[in-house]
Amino acid sequence: MRALLLLALVACAPKAPPVVEAPPPPPPPYVPAPPTPLATRPFSPPAATRGALGSGVPVVVVENHEVPLVTLRIDFLTRGADVPLAKAGLAEAAMDMLNEGAGKRDALQISAELQRLGAGLGTGAGYDGASVSISCLRDKLEPTLDVLADVLLRPTFPAEEWERRRSLWIDDLQDARNSPGRIASRVTDRVLWGQSYRGVEATEASLRAITVKEMKAWHAANLGPGGATIQVGGDVTLAEVLPMLDARFGGWKGKTAKLGAPPTAPVPPPQNTVWLVDKPGVAQSVVRAAAYVGRPTDPDFAAFTIANNAMGGQFASRINLDLREQKGYTYGARTSVSYDLAGTSWSFSANIHTEKTAPALEALLQQLRDVEGARPLTAAEVEDARGASVFGWPGRFESPDYLLGQLDAIRTYGLPEDWVATYLTRMRAPSAADAQKAWADRIDPDRLAFIVVGDAARIRPEVEKLGFVVIPVDVDGNVIGGK
Amino acid sequence: MVAAKGAAMHALLWSVALAATPSIPFSRYELPNGLDVTLSPDHTVPVVCVNVWYDVGSRDEAAGRSGFAHLFEHLRFNGSQHADDDYFKPLQPLGARVNGSTNLDRTNYYECLPSEQLPLALFLEADRMGWLLPALTETKLQNQKDVVRNERRQNYDNPPYGQAWLEILRNSYPEGHPYHIATIGKHEEIEAATLDDVKGFFRTWYLPNNASLVLSGDFDEAEARTLVERYFGPVAAGPSPVRTVPARPAFTEAKAVRAVDDVPFEKVWLVWHTPALFQPGDAELDLLSSALASGKDSRLYKALVHEQQIAQDVTAYQSSAGYSSLFVVSATASAGHGGAELVAAIDAVLGEVATRPITDAEVEVGRTAYEVQFFGSIATIQGKADLLNNYNTRTHDPGYLAKDLARYQAATAAGVNSAHKEWLPPDRRLVLTIGPASATPEVK
């Protein structure tokens, strides 16, 4: 080795003494020009145009002529909770069956006609409503509306198609009871709600108990014009679409759904409890934490949403930066706020490397405790979190979906009519102290429902060491060994 | 920050019946350092999208370093010399949407934000194009290895059937082929990455002359040109990377692979090697997939789900990629049925194409579906930026749209039928089955 090195040195030896020169001065370091903002461009949100069918059904249109596409949706206020437990799934089944036979077409013919038109048609029911919708090219709107009118007004509910759909649904229940992510969502609803409202889910037994006659009755009782609204978005005007709708829905008759009382928010769960679903061998634990946190019309709700942005609602939030970017426990940890008829629910969601499950729960609790103790939200954090909402707002209006979604929420959840117009005012008002207080008033780390789907043998002992009471539950949320 | 699964790179379509002609207005130029710049104004809302694609993907990884292109993408969100902080931090308070993704062929990054903040977005993108390495640390690298391995656990290891795409690539492309290992990579090879790997990869691939910048949305063109020159002009070019395009592999037999997963039902994937994106046959295979499995009246859905009721679902797609593509037919068994039964039923439907060819009407349905999909993808400024950049990165022509559309316009039922015959031989393909440890008993 040494010999080789010597040889190399010899080979490189200069033949003449080098001329010593001063080295050239190093180039000045590159300093990019500081980016300064350009002039702000004016923005006013697009307006919705409102009208009504001859029969009185309200129609709202949000125009957008960028591309020749139209979406149209008919919404109904219905209550999933009004269906008896033994028939759980009835509303979803009735909605699912609408396009399995309608007017003169059978299920395959409806699908073939939509394919020919390049159109989409969707139907569905949730806890708080039901809807049918179409999307298509603007020059195919009339023939697509023909299919929609058949589906909504003249469904035939063929018994053999219900057999097919039910069989597929029962297969899907098995998939849902096996997938860690889907188990976590179902069990969270069950833990918060027991066997009511969002805790109710179709079972194989309830699906087998549903008859075609009951679906027809549900359709007649719930999908009348009295409770309907029509939302249209895209490359069409109100003046264009009204006559198309009147021609097809002019003779629409039916009952207005009699709605049961809306649910009230569930009682908070017992202290420091983890509901654990055992899934042996999984590489990650699916972790959720949830709570009900008031109503969107609470005076301090905007302050809470800003605090949530700062805590976990965005990438650069305390919780994600800690659990992901500092500790590497997860691909992402987020908190979110969503509405339902009972109010608003807050939830934390992350998939955690199995061996880091307890440390991740500990880190989450630390963040939740710190913000209410040693590290309250700073003014800068609150401004950043507010900015994300305020400055990101114009971009949401690029397609009609955002405004239409807001208008739907106004109706479904009984929000003030000027909910969209006052958005920026609401978001600009809260101070850092307001955000801090709204958060502390709502999020009590000791009274969250924690749900974990993971390998119990590997994670349970450490989770218990954190002081949690662990309640083992099955994939449907039933307490194992419970009554 | 997504490692793409085998999402089909669906190209888009135009048909003569269109009421409006789809197009994206743009202008294109090149900086002296070789950076392609495409500008596409749209003043719907005061938002601008800065969209940067690099012509590098997981196909360009060194042996033993699978997952590296995607890991590298993650590291580009952890700061650069003149902005050494989390990439989201300055952008998020402005209401920006920010992300990136890596697939077999390319890596892309974007931020869509209020128009007045265009200088900041350009500054940040340029800084991580030219001055990434001075901000790199071992701590950042180790953290992102953990994050990416959790991404793999979340999207591939944990979900039911999540390993399917990994198995399809592993069993379709031979060892050593750039598509043999999926973009997400193997755990142990992600863990093996070093700072020197990061430096080498950056110097080889992250060059202005290997990148394409698109601005779409509400901006002033002259102002944008000045800003682009200001921030990207000083980025040094490097030797243009060269790569050898491997030959398209071919199955020489009917290959069967079974993998076990914690799932209630067997699911099968039938896989064939097919022509690369934009090559002859690629569009025809897209149209064939529509005729086979799009809608309840399609051939496979009708047979397997509606009539025989042996499957919960069935899909078919041409998964197009730059070197070569895969055509995939997949179905999940219903309770009481199994994978072998599905394969036999799929084969019967595919075999029937010989005696009952795909019709003009079936091709027309596929055309229409692509037409609608095309309009959907240009409905937003982000969609437009991605489309322009996809075309520019793959063909060096952001205006390739017209040629892309023309190939669907030109496709005929005869062409679709001959693509079926040429590319989907029943005796040369892969059948992957993923099912529970104890196979479902077959019910006849």
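Solvent exposure of the protein assembly as shown, expressed per residue, is 40 Å² of accessible area, with all protein chains present and a 1.4 angstrom probe.
Sorted largest first by accessible area at a 1.4 angstrom probe radius, with every protein chain in place, the residues A:Tyr339, B:Tyr301 fall in the order A:Tyr339, B:Tyr301. Against the longest alpha carbon principal axis of chain A, how many degrees, from 0 to 90 and to the nearest 10, is the axis of helix A:379-392 turned? With both axes taken from Cα atoms, the answer is about 50 degrees.
Estimated at 0.36 nm per residue, the fully extended path between B:Lys403 and B:Arg428 surpasses their Cα-Cα distance by 5.8 nm. The B-A contact accounts for approximately 6100 Å² of buried accessible area, totalled over both chains at a 1.4 Å probe radius.
Quickly work out the A:Ala247-to-B:Glu253 label distance, labels modelled 7 Å from Cα along the C-beta direction, and quote it in nm with one decimal. Going by the 7 Å Cα→Cβ label model, 6.3 nm. Stretched out straight at 0.36 nm per residue, the stretch from A:Ala39 to A:Leu85 would grow longer than its current Cα-Cα span by 10.7 nm. Can you send over the solvent-accessible area of B:Trp423, 1.4 Å probe, protein chains only, in Å² to the nearest 10? For B:Trp423, solvent-accessible area is about 40 Å². Each residue of segment A:172-178 was assigned a 3J(HN,Hα) from its phi angle through the Karplus curve 6.51 cos²θ - 1.76 cosθ + 1.60 (θ = phi - 60°); the sequence is 5, 4, 5, 4, 5, 7, 10 Hz, with glycine and proline shown as x.
Pairwise Cα distances in segment B:164-288 exceed 23 Å in 60 percent of cases.
Annotation note: GluC sites (Glu not before Pro) in segment A:394-483 located in DSSP loop regions with a Cβ neighbour count of at most 14 within 10 Å are A:Glu417. In this structure the amide hydrogen of B:Gly233, modeled in the peptide plane, comes within under 5 Å of no amide hydrogen from residues 5 or more places off or on another chain.
Output wanted: per-residue J couplings in Hz (rounded whole) for segment B:187-193, from phi through Karplus 6.51 cos²θ - 1.76 cosθ + 1.60, θ = phi - 60°, x for Gly and Pro. In residue order, the calculated couplings are 3, 5, 7, 4, 5, 7, 4 Hz. Our coupling estimate for segment A:189-204, obtained by passing each phi through the Karplus curve with A = 6.51, B = -1.76, C = 1.60 and θ = phi - 60°, is 4, 5, 5, 6, 10, x, 9, 9, 6, 5, x, 8, 9, 4, 10, 4 Hz, Gly and Pro reported as x. Per-residue extension of 0.36 nm, minus the Cα-Cα distance of A:Thr264 and A:Leu424, leaves a gain of 54.7 nm for this segment.
Taking the protein heavy atoms of the protein assembly as shown in the context of the full set of protein chains, the accessible area attributed to carbon and sulfur is 55 percent at 1.4 Å.
Long hydrophobic helices in chain B: the complete DSSP H runs spanning 20 Å or more by Cα along their own axis with mean Kyte-Doolittle hydropathy of at least 0.5 are B:339-355. The ratio of the alpha-carbon radius of gyration of chain B to the globular-protein estimate 2.2 N^0.38 Å is 1.02. Derived value for the protein assembly as shown: Kirkwood hydrodynamic radius 30.1 Å. Basis is the mean of 1/r over every pair of different alpha-carbon atoms.
Taken residue by residue and averaged, Cβ atoms of other chains lying within 10 Å of the Cβ of B:84-93 number 5. Note that segment B:148-217, at 25 °C in a medium of 0.890 mPa s, gets a Stokes-Einstein diffusion coefficient of 168 µm²/s from its Kirkwood radius over C-alpha pairs.
Trypsin sites (Lys or Arg not before Pro), restricted to segment A:101-189: which are DSSP loop and have at most 10 other Cβ atoms within 10 Å? Answer by residue number: A:Lys104.
Annotation note: GluC sites (Glu not before Pro) in segment B:124-229 located in DSSP loop regions with a Cβ neighbour count of at most 13 within 10 Å are B:Glu175.
When B:His70, A:His65 are compared by accessible area at a 1.4 angstrom probe, the order from most to least is A:His65, B:His70.
The values are calculated or read from the model by the stated rules, or taken from the named source; none is laboratory data. Just so it is clear, the structure is predicted and the values come from calculations on it, not from any experiment. Please note: Cβ atoms are built from the backbone with ideal geometry, for glycine as well, and neighbour counts cover all protein chains shown. Keep in mind that these areas ignore ligands, DNA and RNA; they rest on the heavy atoms of the full protein, side chains included. Shrake-Rupley method; radii C 1.70, N 1.55, O 1.52, S 1.80 Å.
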